[in-house]
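Here the structure comes first, spelled out in structure tokens, and everything after it is commentary.
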Amino acid sequence: MSAPRSSVDAPSRPVPTRLAELAGLAAMTGAVGFLLVAGSLQLVRADLDWQRATLSQYLLGPWGLLLRTTYCVLAATIVVLALGLHAQLSARARSAAPLLLFCIGAVALAGVAIGDSWLPQAAPYFHHWFHHTCAITAFLCVTTGMVLQAWRFRLDDAWRRYFPLAATWSVASYALLWLHALWPPAGQGWVQKLLIALIVIAMWLGGWWLWRAGSGATVAARR
């Protein structure tokens, strides 16, 4: 009779948890909520040309408070998703780099919304610098974090199946960011909105995968 396996030989995958499931559900809800609010404002803000105006321009004026609040909710959603993915991945696949980048990006995103609530009147020149610094930081940190997080998926047996889509989606988002920033014809508002939509849809996908893992749909053993 063979000796019983010790705890050292047991798989390192934590059992599916309710917290992971809730984190995934929160990420999906936050992503869908943001898309609904931002998309609806394209219809109700007749004072802005949706093809030319960036989404940041919708932070001021009618319904601006709603969008600023949604920005802050999305920032919290990014942190929840990042923490959930970090906890659910195996020790071999975990990395502090994407977690840190996501959290910095979330703080910068919240900074855009909070700054736009009072800085335009209180300190217009500082507001211009602060808004652009926070916006650039948010885009760079979140898209870079997406690329790094997707790369870590390949090191986890259960998450490796998501690597091709996650890597393709994140690299496409990263490339579109630089195209939007460096190529003048791509500097229009609709390109920026497309980039934001790609990022938020990627968050929804990450939340969906995390929810499946937390609910027990992902059961392959980690190494």
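If the requirement is being open to solvent by less than 70 Å² (accessible area, probe 1.4 Å), in contact with a Leu (Cβ under 9 Å, 6 or more places away or on another chain), at pLDDT 95 or above and closer than 26 Å to Ala38 by Cα, which of these qualifies: Leu101, Leu83?
Checking each option against the conditions leaves just Leu101.
When you scan the range 63-74, how many residues do you find that are open to solvent by less than 40 Å² (accessible area, probe 1.4 Å) and β-branched (Val, Ile, Thr)?
1
Would you please name the residue that is nearest to Ile201 (Cα to Cα), looking only at residues in the range 50-62 that are hydrophobic (A, V, I, L, M, F, W, C) and open to solvent by less than 40 Å² (accessible area, probe 1.4 Å)?
Leu55
For the range 38-49, state whether one or more residues are at pLDDT 95 or above, in contact with a Leu (Cβ under 8 Å, 6 or more places away or on another chain) and surrounded by 17 or more Cβ atoms within 10 Å (Cβ to Cβ).
Checked the range 38-49: at least one residue is at pLDDT 95 or above, in contact with a Leu (Cβ under 8 Å, 6 or more places away or on another chain) and surrounded by 17 or more Cβ atoms within 10 Å (Cβ to Cβ).
Just to check your reading of the model, which residue among Ala97, Ala53, Ala108, Ala91 is touching a Gly at 6+ places or on another chain (Cβ under 6 Å) and of a type in the set (Gly, Ala, Ser)?
The conditions single out Ala53.
State whether one or more residues within the range 172-192 are among the small types (Gly, Ala, Ser) and either closer than 18 Å to Ile78 by Cα or touching a Cys at 6+ places or on another chain (Cβ under 8 Å) (or both).
Filtering the range 172-192 for residues among the small types (Gly, Ala, Ser) gives 172-173, 175, 181, 186-187, 189.
Next, only the ones that are either closer than 18 Å to Ile78 by Cα or touching a Cys at 6+ places or on another chain (Cβ under 8 Å) (or both) stay: 173.
Looking through the range 172-192, at least one residue is among the small types (Gly, Ala, Ser) and either closer than 18 Å to Ile78 by Cα or touching a Cys at 6+ places or on another chain (Cβ under 8 Å) (or both).
Within the set of pairs 6 or more residues apart or between chains, which connect a residue that is buried (at least 20 other Cβ atoms within 10 Å of the Cβ) inside the range 106-132 to a residue that is among the small types (Gly, Ala, Ser) and modelled with pLDDT of 95 or more with Cβ atoms less than 7 Å apart?
Correct list of pairs: Ala106/Ala75; Ala108/Ala138; Leu109/Ala75; Leu109/Ala138; Ala110/Ala75; Val112/Ala135; Val112/Ala138.
Check Arg68, Arg45, Arg92 and return the single one that is farther than 18 Å from Leu140 by Cβ and touching a residue at least 60 places away in the same chain (Cβ under 8 Å).
Arg92
Among the residues in the range 203-223, are any in contact with a helix residue (DSSP H, G or I) (Cβ under 9 Å, 6 or more places away or on another chain), surrounded by fewer than 16 Cβ atoms within 10 Å (Cβ to Cβ), at negative phi and modelled with pLDDT of 95 or more?
Within the range 203-223, none of the residues are in contact with a helix residue (DSSP H, G or I) (Cβ under 9 Å, 6 or more places away or on another chain), surrounded by fewer than 16 Cβ atoms within 10 Å (Cβ to Cβ), at negative phi and modelled with pLDDT of 95 or more.
Condition first: touching a Lys or Arg at 6+ places or on another chain (Cβ under 8 Å) and polar (S, T, N, Q). Now tell me which residues in the range 70-118 satisfy that.
Within the range 70-118, Ser90, Ser95, Ser117 meet the criteria.
Yes or no: the range 155-172 includes at least one residue that is surrounded by fewer than 17 Cβ atoms within 10 Å (Cβ to Cβ), within 19 Å of Thr54 (Cβ to Cβ), in contact (Cβ under 8 Å) with a residue 24 or more places away in the chain and not polar (S, T, N, Q).
For the range 155-172, residues surrounded by fewer than 17 Cβ atoms within 10 Å (Cβ to Cβ), within 19 Å of Thr54 (Cβ to Cβ), in contact (Cβ under 8 Å) with a residue 24 or more places away in the chain and not polar (S, T, N, Q): absent.
Cβ contacts < 7 Å: first residue within 8 Å of Gly105 (Cβ to Cβ) and at pLDDT 95 or above, restricted to the range 139-150; second residue among the β-branched types (Val, Ile, Thr) and open to solvent by less than 20 Å² (accessible area, probe 1.4 Å), any location; separation 6+ or different chain. Result?
Val142/Ile78; Val142/Ile199
The values are calculated or read from the model by the stated rules, or taken from the named source; none is laboratory data. What you are looking at is a predicted structure, and each value in this text was computed from that prediction instead of being measured. So basically every Cβ, Gly included, is an ideal-geometry build from the backbone, and we count neighbours across all protein chains shown. For accessibility, only protein heavy atoms count, side chains too; no ligands or nucleic acids. Shrake-Rupley method; radii C 1.70, N 1.55, O 1.52, S 1.80 Å.
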